[in-house]
Amino acid sequence: MSLAEAMLHRRFPRALRDLYLQTDGCALLEGNLNITPLATVPGTPGLVDLSDELRGNGWAVPNELLVFGDDGQGNQLGIWLPSGTRDDLPNPIVMLGQIFGRAECMAVFGSELLRFLRSWTIYYTLLDDATDAHRRRVLDLLGVPAGWRDREPDDALRAEILRSNDPDLPTHDPDPYVRGVSAQHLRILYGGSETVR
């Protein structure tokens, strides 16, 4: 972990460090959350190389965004992590859409990693088979209300989940394709002054 931080010139927030201490890359929630391993292996970039690899392929990844995975639908997920970030500054989770040639290609899906993981897990667990005992147990552990369990998961329910779990989000209906924000907008909200390479 320390080597990855040194290579990236970034100090990872505790939640990100803990995530990588528990798992060094994995696919979760039926492939709707994929965490990139730390190290690069032939043909697959790791956390230390993924952001640069995406930039080389035309993605507008700001230098402040450390891409750590994807949503299984082609969108990248990263943590806003400017170099020299103070511990008291937020590190939101940003989705980078497959939008090329437009600065407004991102959306904030979590004000910090743990809130993002909780909201994402609830939403995608609700998409699973309603009769599955494992699914019910996960929802019980997360304290998901019965009213959410009886509804068809859609954008309105996702917004409700985000509003309940993450009141600090700039919007509770984030969408990089419809309501995308630029790196400059994120710098105003969360700090950082680096430019896209």
Just checking, does region 99-106 include any residue being surrounded by 13 or more Cβ atoms within 10 Å (Cβ to Cβ) and in contact with a Phe, Trp or Tyr (Cβ under 6 Å, 6 or more places away or on another chain)?
no
Among residues of region 7-38 being assigned to a loop (DSSP other than H, G, I, E, B) and within 26 Å of Gly192 (Cα to Cα), the residue nearest to the chain's Cα centre (by Cα) is Thr36
Unique match (being under 18 Å from Leu169 (Cβ atoms) and in contact (Cβ under 8 Å) with a residue 40 or more places away in the chain) among Phe116, Phe100, Phe68:
Phe116
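State which residue is surrounded by the most Cβ atoms within 10 Å (Cβ to Cβ) when the search covers only region 166-197 and only residues that are of a type in the set (Asp, Glu) and modelled with pLDDT of 95 or more.
Taking region 166-197 and keeping what is of a type in the set (Asp, Glu), we get 166, 168, 173, 175, 194.
Imposing the further condition that a residue be modelled with pLDDT of 95 or more reduces the set to 166, 168, 173, 175.
Values: Asp166: 21, Asp168: 11, Asp173: 15, Asp175: 13.
So the residue we want is Asp166.
Kindly establish whether Pro82 is in contact with a Ser or Thr (Cβ under 7 Å, 6 or more places away or on another chain) and assigned to a loop (DSSP other than H, G, I, E, B). Before the answer, list the steps.
Numbers: in contact with a Ser or Thr (Cβ under 7 Å, 6 or more places away or on another chain): no; assigned to a loop (DSSP other than H, G, I, E, B): yes.
The answer is no for Pro82.
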List pairs: first residue in region 6-33 and more than 14 Å from Leu114 (Cβ to Cβ), second residue of a type in the set (Gly, Ala, Ser) and outside any helix (DSSP H, G or I) anywhere in the structure, Cβ distance under 7 angstrom, at least six positions apart or on different chains.
His9/Ser83; Arg10/Ser83; Gly31/Gly72; Asn32/Gly72
Take the residues of region 111-142 that are in a loop (DSSP other than H, G, I, E, B) and in contact with a strand residue (DSSP E or B) (Cβ under 9 Å, 6 or more places away or on another chain): which is surrounded by the fewest Cβ atoms within 10 Å (Cβ to Cβ)?
Glu112
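Tell me, please, whether a residue that is on the phi > 0 side of the Ramachandran plot, surrounded by fewer than 21 Cβ atoms within 10 Å (Cβ to Cβ), among the small types (Gly, Ala, Ser) and not in a loop (DSSP other than H, G, I, E, B) can be found in region 47-59.
No, region 47-59 contains no residue that is on the phi > 0 side of the Ramachandran plot, surrounded by fewer than 21 Cβ atoms within 10 Å (Cβ to Cβ), among the small types (Gly, Ala, Ser) and not in a loop (DSSP other than H, G, I, E, B).
The values are calculated or read from the model by the stated rules, or taken from the named source; none is laboratory data. Keep in mind it's a predicted model, so treat the numbers as computed, not measured. Methodologically, a virtual Cβ is constructed for each residue, glycine included, from the backbone with ideal geometry; neighbour enumeration extends over all protein chains shown.
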